[in-house]
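Okay, structure first, notes after.
The values are calculated or read from the model by the stated rules, or taken from the named source; none is laboratory data. Quick caveat: nothing in here was measured; it's all calculated off a predicted structure. Reconstructed Cβ throughout: ideal geometry from the backbone, glycine too, with neighbour counts over all protein chains shown. Protein only, heavy atoms only, side chains kept; ligands, DNA and RNA dropped before computing areas. Shrake-Rupley method; radii C 1.70, N 1.55, O 1.52, S 1.80 Å.
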Amino acid sequence: MPSLTDDAFLDATADRLAALPGVEAVTLGGSRAQGTHRPDSDWDMAIYYRGSFDPADLRAVGWEGEVCALGAWGGGVFNGGAWLTIDGRRVDVHYRDLDVVEHETAEAEAGRFRVEPLMFHLAGIPTYLVVAELAINRVLRGTLPRPAYPEALRRTAPAHWHGMAAATLAYAKAGHAPRAPSPRSRAPSPSPRRRRRTRCWRRAESGSPTRRASSNGRDWAKPTHSWRSWHRMVRRCPGRSPRPRGCSAVRWPRRRGGRRP
């Protein structure tokens, strides 16, 4: 159970992160920064460093969890981080290189960006994401710029994402949809013949009274054959009475007087 209040926990954690060598700023992001969090939401924090940062310094703090190396998350703007448990709370710490952030800010202001692959993000992440973090995250320690949304990016980004979505859907429609099985072929409704077979099989398996073939339809008896032979008979002669012609392999019980039905 947490021993500190949320405010005390945030202050203590921010102070400890800000004291790491090379760190110039610490921020809080995600739902905690926007005020839309739940009681069980995790804490998304980022450390902004200039030049170099050694994750071993973060590991040496002794917090429980996993500390990744720089570039372990694929490189690029998301160049690593840590998943920690601090005072009973789940905390994600992201590494942010200030030189990279400033470069991507200038690119976004010119309307340029890239889409980088990142695990769990099927469409990838745009490089202007680090610029958006500056605009909406809460700065806890240090000083960071607060950029507005670039007008040039407002013109170029929608066209890029719309083009990617349209191309993906067109490829799926042309290359995959024609060969995909229809819902009818995946789950066909049983035909009357199949339903009759199923009823006969269940009756024979349970040993329940089963109707015999007779002219007046009033003779009833339990079958003496196994359900396997019953099912084999029904498969050979679908839609017919339980003793159709041509199914002599099935043993039928004799009626009174020694006559077979």
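Which numbered condition trips up Thr143, out of (1) of a type in the set (S, T, N, Q); (2) at pLDDT below 85; (3) outside any helix (DSSP H, G or I)?
Result: Thr143 fails condition (2) only.
Give just the number: which of (1) open to solvent by less than 80 Å² (accessible area, probe 1.4 Å); (2) free of Cβ contacts under 8 Å to residues at least 12 places away in the same chain does Thr168 not satisfy?
Among (1) open to solvent by less than 80 Å² (accessible area, probe 1.4 Å); (2) free of Cβ contacts under 8 Å to residues at least 12 places away in the same chain, Thr168 violates only (1).
Can you spot a residue in the range 55-63 that is part of a loop (DSSP other than H, G, I, E, B), open to solvent by 80 Å² or more (accessible area, probe 1.4 Å), out of contact with any Phe, Trp or Tyr (no Cβ under 8 Å at 6 or more places or on another chain) and modelled with pLDDT of 95 or more?
Yes; the residues of the range 55-63 include at least one that is part of a loop (DSSP other than H, G, I, E, B), open to solvent by 80 Å² or more (accessible area, probe 1.4 Å), out of contact with any Phe, Trp or Tyr (no Cβ under 8 Å at 6 or more places or on another chain) and modelled with pLDDT of 95 or more.
Does any residue in the range 87-98 that is among the small types (Gly, Ala, Ser) come within less than 7 Å, Cβ to Cβ, of a residue that is open to solvent by 10 Å² or more (accessible area, probe 1.4 Å) six or more places away or on a different chain, and which pairs are these?
Gly88/Met1; Gly88/Pro2
If you go through the range 133-155 one residue at a time, do you hit one that is within 19 Å of Leu28 (Cα to Cα), touching a Gly at 6+ places or on another chain (Cβ under 7 Å) and open to solvent by 60 Å² or more (accessible area, probe 1.4 Å)?
no
Determine, yes or no, whether Leu122 is without any contact (Cβ under 8 Å) to a residue 24 or more places away in the chain and exposed (fewer than 13 other Cβ atoms within 10 Å of the Cβ).
Against the criterion (without any contact (Cβ under 8 Å) to a residue 24 or more places away in the chain and exposed (fewer than 13 other Cβ atoms within 10 Å of the Cβ)), Leu122 qualifies.
Would you mind finding the one in Ala25, Ala46, Ala33 that is outside any strand (DSSP E or B), among the small types (Gly, Ala, Ser) and buried (at least 18 other Cβ atoms within 10 Å of the Cβ)?
Ala33
If I go through the range 74-88 residue by residue, how many of them are exposed (fewer than 14 other Cβ atoms within 10 Å of the Cβ) and in a strand (DSSP E or B)?
Within the range 74-88, residues that are exposed (fewer than 14 other Cβ atoms within 10 Å of the Cβ) and in a strand (DSSP E or B) number 1.
Can you tell me which of (1) among the aromatic types (Phe, Trp, Tyr); (2) more than 14 Å from Val130 (Cα to Cα); (3) assigned to a loop (DSSP other than H, G, I, E, B); (4) open to solvent by 30 Å² or more (accessible area, probe 1.4 Å) is the one Phe113 doesn't meet?
Only one criterion in (1) among the aromatic types (Phe, Trp, Tyr); (2) more than 14 Å from Val130 (Cα to Cα); (3) assigned to a loop (DSSP other than H, G, I, E, B); (4) open to solvent by 30 Å² or more (accessible area, probe 1.4 Å) is unmet by Phe113, namely (2).
Please give the number of the condition Gly71 fails out of (1) open to solvent by less than 60 Å² (accessible area, probe 1.4 Å); (2) modelled with pLDDT of 95 or more; (3) outside any helix (DSSP H, G or I).
Evaluating Gly71 over (1) open to solvent by less than 60 Å² (accessible area, probe 1.4 Å); (2) modelled with pLDDT of 95 or more; (3) outside any helix (DSSP H, G or I) leaves (2) as the failure.
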